Amino acid sequence: MNAPVKIETTLKDWETDQEVRWCPGCGDYAILKAVQRTLPQLGADPANTVFISGIGCSSRFPYYVESYGFHTIHGRAPAFATGAKLANPDLDIWLVTGDGDGLSIGGNHLMHVLRRNVNMQIMLFNNEIYGLTKGQASPTSREGTKSPSTPIGSYDHPARPAAFALGAGARFVGRGFDVSKHLPDVLKAAHAHQGAAFIEIFQNCIVYNKDVFNDFAAPKGAEDQQLWLENGKPMLFAKDGKGIALDRDKLELKVVDVVDGDWEAAGVIVHDVTNRSIAHMLVEMPFGPFPMALGVLYDDPRPTFEAAAMAEKAAASQGKEANLAKLLGKGQTWTVDGTAQDPV
Amino acid sequence: MATAATAPQDGLPATPESVVVRFAGDSGDGMQLTGGQFTLSTALAGNDLATFPDFPAEIRAPQGTLFGVSAFQINFGSREINTAGDAPDVLVAMNPAALKTNIAALKPGGLVIADTGAFTKRNLDKAHYEANPLEDDSLAKYDLLAFDISEKTIEAVKPYGLGNKDALRSKNMWTLGLALWMFDRPREPIHDWLKAKFKSKPEIADANIAALDAGHAYGETAELAGPLKQVHIDPVPSAPGLYRTVTGAEAVSLGLVAGAQLASLPMFFGGYPITPASAILHHLARLKEFDVTTFQAEDEIAAICAAIGASYAGSLGITSSSGPGIALKGEAMGLAIMTELPLVIVNSQRGGPSTGLPTKTEQSDLYQAVYGRNGDAPMPVIAASSPGDAFEVAIEACRIAVQYMTPVMLLTDGYIANAAEPWKVPDPATFEPFPAEFLTEKNAVDDQGAETFLPYKRDEKGARPWVKPGTPGLMHRIGGIEKHELSGNIDYSPDNHQRMTDLRKGKIDGIAVPDQEVCLGNTSGKLAVVGWGSTFGPIHRAVDNARRQGRDVSHIHVRHIWPLPKNLGDLLRGFEHVLVPEMNTGQFKTVLRDQFLVDATPLTKTSGQPFQIAEMEEAIGKYFDGVEGNEGGEVPVNDDQLPHLESGHDDGSLKNQSSPQSQELGS
């Protein structure tokens, strides 16, 4: 793989001439802007950037980014992206999916792209509802969600995207929400990660599931419920008045009060993005008793799938000649009016 | 000791036109190897031939059991050979289980050669024989040559100091020696082959050669005593050149590699394990030096989607499967049609519907191939007629995919995938290259006179440009939503969808397909037998036989299923009758009727077994027997018929090898 050349662009360079067709006020607009703001900061090259999506509201995303884009079929975007990456590992691939696309119809592919560790950024817009098909409960909808398909309230247990990703073997798990000013930082960290980087982005569907994330993602007043994680920094929230500590007897996390800024005395954990055990606790941390863990929850790269594939191909090809004539005449051959030849 | 059987009926003539021999034994007896080497010596003797390896589906079959029998059938002759033969003239049975599972197929009066040394109480029990069939009169309607091959082998290799167990491993070579004598074949090529194979163990080579020679010498002795006699089959004149044997799965793989090379493209192959298609993945996984990337996906859908993703990024995407997997890939094929990206889909058909008969052959995915997608989704379909033909057809599939920017479906079947035939090794220098072209510059001028890029602007063939991501200045978006006929931007407008539907259809309809030729017989007359795919062999031979009887019948074999050759309708209308034999309930017949309004009559067979020549002859005969209205119909099930694959596992898996022959021969 060649080292990417940094290209100077502005936000405008990443806008297409296509009219954006999400509902007015949809959280997707904010995510689009955050991405278009982040790409110039990364020095990304529009010619080398590919947005690949499945089906759903979120999956319209590629049409609005001035780069290469492939709007594929429902749930299968990870498979298309894997093929594209294996064919050209130099491509910088962003995958766009939603809770229905990525965790319901495409759950299998999402699992495998994560465990294989194909180098790409995977943005899962979680709005806990099917938007484009007009409001049915999705795999992340909370129990009791009333929708056209669950008029009395849903009774299946919701999937948790970040826990799913970590369980599937993801080496990067990040979280943000549509209107957060920190979202570009999470995207940048995901981009810097070599491997499959999974980002759950809470997104407000203002038509079918309005403000379900307001407890922690409201534009104002919910900051105390946000735990923004930073590598090497203590896990503090609520204006540093509270922190996350480890209950060593129960081996689980707990919320502690921090008095006079003395977080060490309160036993607050220092975030280590490479600690997989803590990452498992963070993705399982129930919102309510705990704040919402946001930022980079886990980041511990290991060799990528495409690098392994390329290395194997190079090693297997070493010293071998791609000679078609020889290949066709391989095995045991004979010549008419001649004699048998030894196997090649 | 030879035991002459009673009342031989019609044994082999001294110079038969063709002979069918089946070698059958335990999986451990090396029957595929024996068959492979006999094939080689037969090819060297200048006969035409066709083989069918018939090996157990079980991964490790217990010794001596009925389901552990491995067989290899070869049909060879002094005239063109088109099938592995209806019924064997000679059956070599290395143990009771082999006799039991294969005897029903033998022609009445055929010759059984059996190893009495393996007909022990234990082996007879395992084969569910209550009495030794070699000793009662249950084989009365056949010639029987039963003697202790095991003992004779041990005797022959004694000077080489091998233990009994090792010595018995040469049993297959002893048997091969006998077969070589019987058909007047030279031993030297096998000597040379054994010396090369056991280069580092010369004593093993010598022991095997001794066994081979002993078997050969025994023939002469036995001829004096019993039913065995030497027969001679004249060579068939064939083009000089280098030959090898090839299975359909090998030939498809080689053809795809050649196709990608001719297109100057790296190959990306996405596959998922399924019988009988997995062999293609296995072959290609070993050819990485040809810029081949193989990807075993999480499921059939991911396999095709990854292949499409790779085509999008500039490789030649290929995926392969069998019926159930092809069904899963349907939606993604639609996307490849909509986004107009090249893709080759290989369907090794098996019995269906659902899991059906994983290891049995059928041609029942034709509707699925031609019609099986949502929307108006036209896609070229071509079919291979034999293992060797699969090579050319695979190249043709790649050519159409790249030149017309379209997915292409290549149909083979379980029979073609596993069967072997002699193949004249082609010279790659004679292939016509079709290098893919990638657009790197803007291709249009807008209203203001500025250069612009239109991703769906078509060339004279109706193909849109192929643009690799990574190309500066040509960023664009594609997807499965209907798009504007030039810009490719989302466009739902009614007249645009009408135009795009017409353009997609027109592109496929306009694919340059060679005019249909008649492969045997006249271009008009009383009866045309029209086939496609692996029915080529039995149809060809039956038509040839009928013509030798003076009957006015022609064989038309169709390779291009969709679009059909433009002249096919007129050609068929030149015949009084059109008979369409196929291993389904009449699918191609429907297509022909639909496309050309010809009165095509079906001849169908769905027993998981290929047509026999005799069945085909009977069907043809009905057109000439003076009885009106009895033509066509359905061929009844014949359980004794072979080649006869063993049933597979419920999950559709077969053993972990492409073909025993290729594995044993180390090709």
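The values are calculated or read from the model by the stated rules, or taken from the named source; none is laboratory data. This is a predicted model, so every value here is computed, not measured. We place every Cβ from the backbone using ideal geometry, glycine too, and count neighbours over all the protein chains shown.
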**OP:** Kindly list, by first and then second residue, each pair from a residue in the range B:458-472 that is among the hydrophobic types (A, V, I, L, M, F, W, C) to a residue that is part of a loop (DSSP other than H, G, I, E, B) and buried (at least 19 other Cβ atoms within 10 Å of the Cβ), limited to pairs with Cβ atoms under 6 Å and residues at least 6 apart or on different chains.
**Re:** B:463/B:405; B:467/B:474
Original post:
Mind checking which residues of the range B:116-156 are more than 34 Å from the chain's Cα centre (by Cα), assigned to a helix (DSSP H, G or I) and not aliphatic (A, V, I, L, M)?
Top reply: B:116, B:117, B:121, B:122, B:125, B:150, B:151, B:152, B:153, B:155
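Give me the helices (runs of 4 or more DSSP H) completely within the range B:361-418, filtered to those with at least 1 residues that are farther than 18 Å from residue B:588 by Cβ and in contact with an Asp or Glu (Cβ under 7 Å, 6 or more places away or on another chain), ordered by residue number.
Per the criteria, B:387-404.
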**OP:** Could you give me the residue pairs with C-beta distances under 6 Å whose first residue belongs to the range B:324-349 and is assigned to a helix (DSSP H, G or I) and of a type outside the set (Lys, Arg), whose second residue is buried (at least 24 other Cβ atoms within 10 Å of the Cβ) and modelled with pLDDT under 95 wherever it lies, and which are 6+ apart or on separate chains?
**Re:** B:325/B:274
Subject >> Residue among B:81, B:113 that is of a type in the set (A, V, I, L, M) and not in a loop (DSSP other than H, G, I, E, B) >> reply: B:113
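Listed here are the residues, each with its yes/no results for (1) in contact with a Phe, Trp or Tyr (Cβ under 7 Å, 6 or more places away or on another chain); (2) at the interface with chain A (Cβ under 7 Å from one of its Cβ atoms); (3) under 30 Å from residue B:49 (Cβ atoms).
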residue	(1), (2), (3)
B:236	no, no, yes
B:251	yes, no, yes
B:254	yes, yes, yes
B:285	no, no, yes
B:299	yes, yes, no
B:307	yes, yes, no
Original post:
strands (runs of 3 or more DSSP E) wholly in the range B:516-565 with at least 2 residues that are touching a Phe, Trp or Tyr at 6+ places or on another chain (Cβ under 6 Å) - which ones?
Top reply: B:525-531
**OP:** Mind listing just one residue for me: the one in the range B:12-58 that is charged (D, E, K, R) and over 16 Å from residue B:111 (Cα atoms) and, of those, farthest from the other protein chains (Cβ to nearest Cβ)?
**Re:** B:58
Subject >> Cross-chain or 6+ apart pairs with Cβ under 8 Å, the range A:200-212 first and on the phi > 0 side of the Ramachandran plot, then crowded, with 22+ Cβ neighbours inside 10 Å and not in a strand (DSSP E or B) >> reply: A:211/A:204
Original post:
Does the range A:30-45 contain at least one residue that is more than 8 Å from chain B (Cβ to nearest Cβ), assigned to a helix (DSSP H, G or I), closer than 27 Å to residue B:340 by Cβ and touching a helix residue (DSSP H, G or I) at 6+ places or on another chain (Cβ under 9 Å)?
Top reply: no
Original post:
Residues of the range B:171-198 being basic (Lys, Arg) and either at the interface with chain A (Cβ under 9 Å from one of its Cβ atoms) or part of a helix (DSSP H, G or I) (or both), which ones?
Top reply: B:171, B:195, B:197
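Name the single residue that is surrounded by the fewest Cβ atoms within 10 Å (Cβ to Cβ) among those in the range A:150-201 being among the basic types (Lys, Arg) and over 16 Å from residue A:302 (Cβ atoms). Walk me through how you get there before you give the answer.
Just the residues of the range A:150-201 that are among the basic types (Lys, Arg), to begin with: A:160, A:171, A:175, A:181, A:188.
Retained after the next criterion (residues that are over 16 Å from residue A:302 (Cβ atoms)): A:160, A:175, A:181, A:188.
On the way: A:160: 18, A:175: 28, A:181: 8, A:188: 15.
If we take residues in the range A:150-201 being among the basic types (Lys, Arg) and over 16 Å from residue A:302 (Cβ atoms), then A:181 is surrounded by the fewest Cβ atoms within 10 Å (Cβ to Cβ).
Suppose the filter is within 21 Å of the chain's Cα centre (by Cα), surrounded by fewer than 24 Cβ atoms within 10 Å (Cβ to Cβ) and farther than 28 Å from residue B:431 by Cβ; does residue B:356 pass it?
Values: within 21 Å of the chain's Cα centre (by Cα): yes; surrounded by fewer than 24 Cβ atoms within 10 Å (Cβ to Cβ): yes; farther than 28 Å from residue B:431 by Cβ: yes.
So residue B:356 passes the test.
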Original post:
Restricting to the range B:419-446, what's the tally of residues that are at pLDDT below 95 and more than 14 Å from chain A (Cβ to nearest Cβ)?
Top reply: 1
**OP:** Can you give me the number of residues within the range A:107-154 that are farther than 24 Å from residue A:22 by Cα and assigned to a strand (DSSP E or B)?
**Re:** 2
**OP:** Considering every residue within the range A:63-78, establish whether at least one is assigned to a helix (DSSP H, G or I), under 20 Å from residue A:189 (Cβ atoms) and free of Cβ contacts under 8 Å to residues at least 60 places away in the same chain.
**Re:** no
Original post:
In this structure, does residue A:72 turn out to be of a type in the set (Ser, Thr, Tyr) and in contact with a helix residue (DSSP H, G or I) (Cβ under 6 Å, 6 or more places away or on another chain)?
Top reply: yes
Original post:
Only one of these conditions is not met by residue B:263: (1) modelled with pLDDT under 95; (2) touching a Lys or Arg at 6+ places or on another chain (Cβ under 8 Å); (3) surrounded by fewer than 24 Cβ atoms within 10 Å (Cβ to Cβ). Which number is it?
Top reply: (1)
Original post:
In the range A:61-105, how many residues are over 27 Å from residue A:142 (Cβ atoms), buried (at least 24 other Cβ atoms within 10 Å of the Cβ) and touching an Asp or Glu at 6+ places or on another chain (Cβ under 6 Å)?
Top reply: 3
Original post:
Can you name the residue in the range B:260-283 that is in a helix (DSSP H, G or I) and within 18 Å of residue B:326 (Cβ to Cβ) and is also farthest from the other protein chains (Cβ to nearest Cβ) among such residues?
Top reply: B:278
Original post:
So which residues in the range B:463-484 are more than 9 Å from every other protein chain (Cβ to nearest Cβ) and more than 41 Å from the chain's Cα centre (by Cα)?
Top reply: B:484
